[in-house]
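The values are calculated or read from the model by the stated rules, or taken from the named source; none is laboratory data. A quick note: this is a predicted structure, and the numbers were derived from the prediction, not measured. Counting neighbours? That spans all protein chains shown, and the Cβs are built from the backbone with ideal geometry, glycine included. The protein model used for the area step is the full one, side chains on, heavy atoms only, and it has no ligands, DNA or RNA in it. Shrake-Rupley method; radii C 1.70, N 1.55, O 1.52, S 1.80 Å.
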Amino acid sequence: MTTMQRSAVTKRRSTTEIEQSTPEWQKRLTSETAARVTALLAFVVIWVVMSWLFSRVPGPVEVGERLVDEFSRGEVFGNFGMTLYRFFIGVGLATVVGIAVGVVMGLSQLSRAFLESPVLVGLSIPAIIWSFLTVMWFGFGDMSPIITTFLTAVPFVVINVAQGVRGVSRDLRDMSETYNVPFGRRVRHLVLPAVTGYVAAGVRFAIIMGWNGVLLAEWFGGGGGVGYRARFWYDANRYGGFAAWVVLFVGFIVILDRFVLDRAIQRSFRWRDSR
Amino acid sequence: MAVLTVQNLSKTFNLGTARESRVLDDISFEVKGQTFVSIVGPSGCGKSTLLNIISGVEEHTSGDISLTSDAGGPARMGYVFQDPRLLPWRSVMQNMMYVQDDQSPATVSRAKEYLDMVGLAKNADFFPGQLSGGMQQRVGIARAFAVEPDLLLMDEPFSHLDAITARGLREQLQDIWAQSKKTVVFVTHDVVEAVELSDRIIVLQPGGLIYEDITIDLPRPRRQTDKNVATLQAEVLARLEKLKAMSVAEPVA
Ligand SMILES: Nc1ncnc2c1ncn2[C@@H]1O[C@H](COP(=O)(O)OP(=O)(O)OP(=O)(O)O)[C@@H](O)[C@H]1O
Ligand SMILES: [Mg+2]
């Protein structure tokens, strides 16, 4: 080469060096916890500003007061319990049925050809349609929220599990085949660990979509529960009470996701972290 | 008694839209018990395909294959693949036990013995991701020996490893083989390796025909530094000189 090149040195810093040279305040400020706290603060600030600008947006203080009112009236636990009962039955059914159907769909070409379109249709029908239909079919009781939850959630489990089962390594399946590994052991040590992530993702979607479903069905079904109570305040033009219930059920789903689901998922992937 | 009999075996891959490719063409051979046979040939001549057909992972187009077991019942097979093929979410020991018919303590200690023979006794509780590539390959080898197979298939088990590790493992393989005298079908593209390890070398040529069937009659243990080994290696290489000129398998209409 004819052109002169100035030499440049790229130095790679060791983790120890990075650890020692970063000041404490900077480490805290750029931590993941700081990011989460910042997001929460930003949300509260936006909420407060919106409530100043628009009279129909109740501020955090008002919502807090309504929340306390609802607790002291004894409305919270009864309605929450009712909703949770419906929700867990619906999501539990969706998980069990979804994993079974998903595994079959992932293993057999024929069943995939048969089930692919129904599952896609299921995915594209929103919870609100199911809640109208189930209220029409089953009236005002536990049945319509349970079925709505199930129907909104189940396609997400099926599609994720089927995807996971199809992705189980061909090489590892061949290996099991040459060593004549019994079917049960293959499912336990090969298929299930390989699809854990997909099952978890499916169940997570199922929980979020199912929560949607149960609230909508209660909103229209009128048989009590969180959705019903939120509508009660909405119909009474009392946005504070309405927002208090929104805070309750959003808070519930966030806590469930962060502290239960997230941890369970991380635990099942320990083999991957420990390299 | 022959452990493995292959008769008029042919394999044609269907490439879709009426094109197909003949990979193995009317191959016949027999492997007797307690012998170490190598299959040698240039890349793409159908060596892995042949092993996959013997192991039952791949179907063959025509011909017969039969396996005989000593104990009666279906023949037991061990397979060391070109890559380790371990379950990433199970420990080394769990991987060893995954392929075992019976899960008794006796089997566990046998698995430990073989793990010890490949120098990995200390790593029994590691996940595969915590081992180097060579160590993973050694687990694959120990796993195959530990099922005490009637027939052990090995597909270029050392080709991904550095020269020093590969050489050490070849010597280990000879030692383990001397102790257990399994029947081995060993695929390699490395003639030098084949001469060092085998009683017999079957040379495949492009197009999937048997080019030569060579008997290697040298005392064991053989070491690469051994003069007789080196002489024979040179001789066999010279005999295969003509193979170089042949092109790699082309699809036939
Ligand atoms: N699934 C497949 N479909 C179509 N052709 C295939 C398939 N598998 C292998 N082949 C063809 O068969 C031929 C032999 O492949 P094979 O893997 O047996 O070669 P090999 O002798 O093991 O080569 P190497 O030494 O590189 O591993 C190749 O030409 C390859 O293209
Ligand atoms: Mg190959």
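Overview of values
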quantity	calculated
Meets criteria (without any contact (Cβ under 8 Å) to a residue 40 or more places away in the chain, in contact with a Phe, Trp or Tyr (Cβ under 7 Å, 6 or more places away or on another chain) and part of a helix (DSSP H, G or I)) for B:Ala166	yes
Flag if B:Arg90 is within 13 Å of chain A (Cβ to nearest Cβ) and within 16 Å of ligand 2 (Cβ to nearest atom)	no
Some residue of the range A:228-236 being in contact with an Asp or Glu (Cβ under 7 Å, 6 or more places away or on another chain) and not aliphatic (A, V, I, L, M)	yes
The lone exception for B:Gly140 - which of (1) under 17 Å from B:Gln172 (Cβ atoms); (2) modelled with pLDDT of 90 or more; (3) more than 16 Å from ligand 2 (Cβ to nearest atom) it fails	(3)
Residue count for the range A:193-215, restricted to those that are closer than 16 Å to A:Phe252 by Cα and either of a type outside the set (Gly, Ala, Ser) or open to solvent by 40 Å² or more (accessible area, probe 1.4 Å) (or both)	9
Some residue of the range B:8-20 being within 14 Å of chain A (Cβ to nearest Cβ), away from ligand 1 (no atom under 11 Å from the Cβ) and in contact with a Ser or Thr (Cβ under 6 Å, 6 or more places away or on another chain)	no
In the range B:80-114, the residues that are of a type in the set (Phe, Trp, Tyr) and at pLDDT below 95	B:Phe81, B:Trp89, B:Tyr114
Options B:Ser159, B:Ser180, B:Ser132: the member that is without any contact (Cβ under 8 Å) to a residue 12 or more places away in the chain and either among the polar types (S, T, N, Q) or within 16 Å of ligand 2 (Cβ to nearest atom) (or both)	B:Ser132
Residue list for the range B:33-85, filter: of a type in the set (D, E, K, R), within 14 Å of chain A (Cβ to nearest Cβ) and within 13 Å of ligand 2 (Cβ to nearest atom)	B:Glu58, B:Asp83
Checklist (1) farther than 22 Å from B:Pro221 by Cα; (2) away from chain A (no Cβ under 11 Å); (3) in contact (Cβ under 8 Å) with a residue 24 or more places away in the chain; (4) assigned to a helix (DSSP H, G or I) applied to B:Asn95, failing item	(2)
Qualifying position, being more than 14 Å from chain B (Cβ to nearest Cβ), modelled with pLDDT under 85 and crowded, with 22+ Cβ neighbours inside 10 Å, among A:Gly221, A:Gly227	A:Gly221
Sole residue being hydrophobic (A, V, I, L, M, F, W, C) and surrounded by fewer than 16 Cβ atoms within 10 Å (Cβ to Cβ), chosen from A:Leu93, A:Leu107	A:Leu107
Residues being within 16 Å of ligand 2 (Cβ to nearest atom) and within 14 Å of another protein chain (Cβ to nearest Cβ) - total across the range B:143-156	3
The range B:124-156, residues that are within 16 Å of ligand 1 (Cβ to nearest atom) and out of contact with any strand residue (DSSP E or B) (no Cβ under 7 Å at 6 or more places or on another chain)	B:Gln137
Unmet criterion (only one of (1) open to solvent by less than 30 Å² (accessible area, probe 1.4 Å); (2) more than 18 Å from the chain's Cα centre (by Cα); (3) not polar (S, T, N, Q)) for B:Asp70	(1)
Selection count, the range B:33-53, where residues are more than 12 Å from ligand 1 (Cβ to nearest atom) and either of a type in the set (A, V, I, L, M) or free of Cβ contacts under 8 Å to residues at least 12 places away in the same chain (or both)	1
